[in-house]
Each structure stands twice: as C-alpha cells, then as structure tokens.
Amino acid sequence: MGGSVASVAGERTIETDFALIGHQESWRAAADVLAVLRGPERTPLPDDEIKDILPWIPPRPVCHVDIGSVAGAKARGLYIDSFIPPDRLEAAYVHENIARVRKAAACAIQAGAKIVSLGGFSSILIEGNFDQLPERNDTVFTTGNTLTVAFIVQGIQKMCALEGRNLCRSTLLIVGATGDVGSGCVRCLAPLVGRVLLSARKVERLRRLAAELQDDGVQVEIATDLQRFSAEADVVICAASLASPSLLLGRIAPDAIVCDAGYPKNLSPTAEMLDAKVFFGGLGQITGGMKFAPDFHGVLNRHPFPDVVHGCLLEGMALALEHRFEPFSQGRGFITPERVDEIETIAARQGIYLAPLYNADGSFEDGLDARWNGREDESMGERPSRTVESSY
Amino acid sequence: MEPLIDVNCSPMECTSLSRSAPIWQDILAQAMTGELLAAMNYTSLSEICDDPAEVADALEHSECERGHAAVFAAEGRKIGVEVCNNVDAKHWKRLRDAFLRCITERDFIGCLIVQEIMLESFAVASYSRVGNVGPGSLGESFARIAAEEGEHVDHAMAILRAERARDVQRFDDKVYRLHLDVMTTLAQMLAKECKDGHCEVCHASCVKPSLFEVSLSAAELRGASLQQYLKTLDMLGIPGEVTLAWVAQLPV
C-alpha cells in the first residue's frame, strides 16, 4: 500500500452491489493473504507470527471485487474476511465465530452492500438464523448454498460422463446429508440414481429427510456410522461441516467418484482411495471477468484455473449482476431442484458456469474451461477472455 | 532489591507475589513510563492550544496521567518493589519525539492522533489485559485506568471525526504518515522479542519471556493493542481494508 489512502477512501462513495464474507481454510492461505497486504518489498511474516496476529484482527474488508457478465453487466463488491483462525472452526469456538460473522455482516451493511453471500463456515454459523445478523437496512443475505448445490450436481453428472458411468445405476452416498448443501444435493440427485445412502451426525434429521424422499418413492438407507451401510457407494458427495479435512470414507467402491464439497475440505489426506476419482465440488467460474483491488488473484481464489470461486460466493455475484437483490438461499431445508434450476439459469445468463473439475493432483480436463461446462445453448466457437483486465 | 510482601496478602498470595514481583515491577515500570510520557505530551499540547478551554483540558489530562503514574508507583510499593521510569528509554523517546514534531508544527490534530488514537489504544488494550490477570489492587488499578484512558479516546474521537469530515483525504493521509512514524516504534516495542537490545525500562533482563508466569504474553499484549488500534481507526471511519494493510505492514 502506498503513501496515499485517498484513492481507496474515495471509492467508498461508489455503490457496493455485493459483499462476500469468508475466512481462510488453512494457515497457508492466511499467510498468503497477509503477504499480499504486506507487499512484495517486505519479508513475509513467519508462521508463528501469523498464528499470533491473525486471531486478533477484527473482521473487515480486505479488497474490492469488480465483476463482469458475459451479458455486459458489471457489479462492484467487497470481500470481507471474518478472520476466523483456521484452527478455530470447531464447535468450541462457535460463539466467538458467530460474533465474528456478525461483525463481518455489520461491515457489509455499513458498506451499503445490497446483497451479501456467506462463504464457508459463515453460512453454517448463521444458517437458518438470519435474525442473528445485525439490523440490515437495505442489505439482504444469502447463504449461496443453492448455487453450490447446482455446481456439485453438475460436477457429479459431468464426472460420470467423463468416466463413462451410468448415474441411474449408481449408489449415491451423501455425507453431511442433512445439512443445507447435503439435503439440496439429495433432492436433486435422488431421483436420478439407483440407490441412496445418507449419512449425518443427527439421526432424527436423517429420518425426517429419508421420510421426505420415501414419500417421493425413493429408496433410502440412513446411518450415522459410514461403515453400517449395506452397500458400497460408487458416487459420493462429501458435504459435511468439518473443521478440518478428517473424513475417512471406509465402505465405498474402489473406483468410486467422490466429490469433496467441503470448506474446509472434508477428506483426510490420509484417506486411501487408490482408484477413486476425487474432485473438488461446488465451484464455478465467472467468465465475464473478475478483478481484485488490491490484487488477490490466486490468493483469495486458490484454484488452478482463473476466476474460479466457490458457488456460495458466486450466488451473490450472479444475483448482483442480475440486479436481483433477494435472500435467495436462507438456510437449512429450502433448497429444491426448482430453486437449483432457477439459480443455474441466472448464473449461466451472467456467464457463471461449473468450473473445470480438479483435485489436489491437478485437472481432470486440461484444455477445457468454463465455456464448455454446463452450457448447451451457446456457440462453442469463441473462447472467453482469460485476461481479467481486458474486461475493464 | 528483595521484594517485600504486602502484610495483607494471604500466605498463598505472598508466595506467588514474591516470585512474580520482579515481573510486575517491569510491567508497572512500562506503564508508569507511558503515563509520564502522556503527561508530558498533554503539557506540550497545552502550549499550542489557542482556546483557553482546550488549554485547561490538556492540562487536566496531563494531571490525570500523572495521577495514573503515581497509582502505578504506589501499586509497586504495595508489593514491595520500586517502580522506575525512563521517558528517555529508546522506544519511549522516539514516541515523544514523534509527538514533539506535531507540537513544532503546531499540529493539534496530529497531536490528538498520536496520543489518543495510537498511544491510548496501546494503553487501553494492554492495561485491560493486565487488569484481567493482575493480583488484587494492582489488577484493579490497571482495569480502572484502562477505563479512564478509554474515556480520553472517546473525548478525542468527536474532534477527530469532525476534522475528518472536513477533508477525508487529507485527514487519512495525515493518519497514515503518523502511523508510519509512531506505530512502527510501538510495533517494535510490542514485538514478541526485543531484537534491538535492552529497552532501557525493564530493571534487569527483558520481561517478555517471563510474562507467561503472570498469565500474560507479549503476543497477547501486541495482538490486543493492534486490535484496539484497528477498532479505533474504524470508529474514525477510515476504511477497514486500508487500515488492515497498514497494520499488516508493521514490523514484527
């Protein structure tokens, strides 16, 4: 940051269409954010200093985000970090973390954001309890989970197509099935698969969800213990709210397709799934351009493809580009296939599509990009601009 | 000097305090030095005020800070230690010099920013933490003085907000310039380890590695101080993304 703050301070008078509330899922990511803020001329902070300093930072805006639509619309937003320390996502810190999300929400309201997306644990903490947010004036909040569900479902369908699998003969396991994202995925995918296995921590919620599906004629098996299912799953969605990547799947088919849609990631790095096709789900790509000021490209969106963002945050962006400032996703139990279709359509109209599929080892589809994802009705002849600046 | 123990202490407190008294001695010395420096700053400020009410206000604040210094000295005596002070210690002197530069420029607003926003943020936050863990009246005194210093900040805030409203760009540029000067020094003072040698206030070796013995840590005091500073800047209305970068760029 240079000597003058005037240019940034002056920007406050510009309308804020959307705000994105998030937090870093690892200390490495947090270190990278602080390194950008310190600037290239200063030595990056040592890890121990980062762990000492970050928990004291109050929630606040980190950067401005300008986005564009393929339809020519533009929107301006803010990324607000709640600065929840990556090692304090456990239940023991829930009250402290809710307070952080509330303060971040207050920052968004103060900035005059018209719509706010709650990323990562932010939505889990507030989910279904929007009255816990500060007084809102004209600001609306969305968990963003409907678009996350849309991208998870699209990802599963695409991965099945890439692997030559027949989804309708698959056994689908959803871990974290009773959560907002998990239950949304169940409702979308249950009618398309052969068999459904649902896992979650709370058995009562599982029973309620199973009853809802059985009313629709879907055969469902539920268990709180992943080892207790009678069959091996060959399509798995991990959508549990875990504080760290600690999930060991156990009974799944050796060549299962596994979508890790958690933030932080669900799957333990020690999970042995030799022939499984694991990919990170719930991600979309904004093809009309995205620009951070200061430049946090590749830092706030740590993906091997440009302009890839979690679906929950993209939902707020898509709605802002569409000028639909409404609380589209409000928490547990409201995500239906119809709402998923609706947000998919809105997102696609603004040039926001399923991101290329990848995992920690790399991409499943080098050479493809968002223009070829989740889109059937537009010309395939012209590649989208990859140069963000060119959009502005 | 062998610490004496307050005769009113319980046997358990006596044992505990005799072991930790040298730590409290250094904590009190830093606090007392800060209060005396603040008193000097307010006296200097009174000399550039045109409005008699402002002169009176500054002198009253100066007296108040001297009173705080006296309280810290008295708390030291209660646990049997002599609390020294050194306003010429290297970090404190640099902070005083930064303030005096504002005085030389007859920059009343600059003085308020240095004293009320930067130095008081540090005082309020660190005294509050010490107040939480300090034994008996020592802890109570830190907590009470933290609250009083907080009132000073509130008083200045109205003046500073009004000044910012007049010219946002000029005001924020001024805060940033003073931040580079003052907060860099404070950050060095608050670093987990004193890398530049002895601070010239601690009575023996650096107290920071021993703070854990009284349930404190240098990292905690720094973190709380920077948090308070950021919150105070928020109250002024300076954009959070701007002040975040300022703080992230401080030395550690």
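The GNM of chain A, with springs linking C-alpha atoms under 10 angstrom apart, assigns the highest mean-square fluctuation among A:T270, A:T16, A:T178 to A:T270.
Could you please report the charge total around A:F325, scoring K, R as +1 and D, E as -1 over all other residues with beta-carbon less than 14 angstrom from its beta-carbon?
-2
Amide hydrogen proximity for A:G351: with H placed 1.01 Å from N in the peptide plane, the residues at 5 or more positions away or on another chain lying under 5 Å are A:V70. Counting Lys and Arg as +1 and Asp and Glu as -1 over every other residue whose Cβ lies under 15 Å from the Cβ of A:F121, the net charge comes to -1. In this label model, A:F334 and B:F212 are separated by 4.8 nm, measuring between points 7 Å along each Cα→Cβ vector.
By how many degrees, 0 to 90 and rounded to 10, does the Cα axis of helix A:145-163 deviate from the longest principal axis of chain A? In chain A, helix A:145-163 runs at an angle near 60 degrees to the longest axis.
Quick check for me: using +1 on Lys/Arg Cβ and -1 on Asp/Glu Cβ, what's the dipole size of the protein assembly as shown about its Cα centre, in debye to the nearest 20? Intermediate results must be reported in sequence, preceding the final value.
On the way: 61 positive and 89 negative charges, 220 e Å.
Once rounded to the nearest 20, the dipole reads 1060 debye.
Distance from the C-alpha centroid of the range B:138-209 to that of the range B:108-125: 6 Å, rounded to the whole angstrom. Shielding by partners for peptide A:63-70, expressed as the average number of C-beta atoms from other protein chains within 10 Å of each residue's C-beta, is 1. Quick check: the angle from helix A:311-321's long axis to the longest principal axis of chain A, C-alpha only, nearest 10 degrees? Taking Cα atoms only, the helix is inclined about 60 degrees.
The gain in end-to-end length when the A:R28 to A:D255 segment is fully stretched comes to 78.6 nm, 0.36 nm per residue minus the alpha carbon separation. Loop-located trypsin sites (Lys or Arg not before Pro) in the range B:51-128 (DSSP state other than H, G, I, E, B) with a sparse environment of at most 11 neighbouring Cβ atoms within 10 Å are absent.
For the range A:48-62, backbone phi angles converted through the Karplus equation (6.51, -1.76, 1.60; θ = phi - 60°) give residue-by-residue couplings of 5, 5, 4, 5, 7, 8, 3, x, 8, 6, x, x, 6, x, 10 Hz, Gly and Pro being listed as x.
Any chance you could give the angle, 0 to 90 degrees and rounded to 10, that helix B:90-104 forms with the longest Cα principal axis of chain B? The two axes meet at around 30 degrees.
The string of couplings for the range A:197-210 from the Karplus curve (6.51, -1.76, 1.60, θ = phi - 60°) is 10, 10, 10, 7, 7, 9, 5, 4, 5, 4, 4, 5, 5, 4 Hz, one whole number per residue in order, with x for Gly and Pro. Long-range amide H contacts for A:L78: which residues qualify at under 5 Å (H placed 1.01 Å from N, peptide plane, sequence gap of 5 or more or a different chain)? Counting only residues 5 or more places away or on other chains, the set is A:F18, A:A19, A:L20, A:V65.
What's the local net charge at A:R60, with K and R +1, D and E -1, over the other residues with C-beta under 9 Å away? Write out the running numbers ahead of the final one.
Numbers: positive: A:K103; negative: A:D81, B:D234, B:E241.
My count for the surroundings of A:R60 gives -2.
Only Lys, Arg, Asp and Glu carry charge here, each on its Cβ (+1 for the first two, -1 for the last two); on that basis chain B has a dipole of about 740 debye about its Cα centre.
Multiplying the residue separation of B:E105 and B:R166 by 0.36 nm and removing their Cα-Cα distance gives an extension gain of 20.0 nm.
What does the extension gain come out to for A:A99 and A:N166, with contour length at 0.36 nm per residue minus their alpha carbon separation?
On the way: separation 67, 0.36 × 67 = 24.12 nm, distance 4.56 nm.
Contour length minus Cα-Cα distance gives 19.6 nm.
Here the range A:49-75 and the range A:264-288 have alpha carbon centers that stand 24 Å from each other. 3J(HN,Hα) couplings calculated from phi for the range A:337-346 with the Karplus curve 6.51 cos²θ - 1.76 cosθ + 1.60 (θ = phi - 60°) are, in sequence order, x, 5, 5, 5, 4, 5, 6, 4, 5, 4 Hz; Gly and Pro show x. Solvent-free Debye calculation, one equal scatterer per alpha-carbon of the protein assembly as shown: log10 I(q)/I(0) at 0.06, 0.10 Å⁻¹ equals -0.41, -0.93. Roughly what would the spin-label model give for A:L192 and A:A231, points 7 Å off Cα along C-beta, in nm? Going from the A:L192 label point to the A:A231 one covers 1.8 nm.
Under a 5 Å amide H cut-off, with hydrogens placed 1.01 Å from N, A:Q24 pairs with A:F83, A:I84 among residues at least 5 apart or on other chains.
All of the numbers you see were taken from the coordinates with simple rules; none came from a lab. This structure is a prediction, so every number in the text was calculated from the model and none was measured. Don't worry about glycine lacking a Cβ; one is built from the backbone with ideal geometry, like all the others, and counts go over all protein chains shown.
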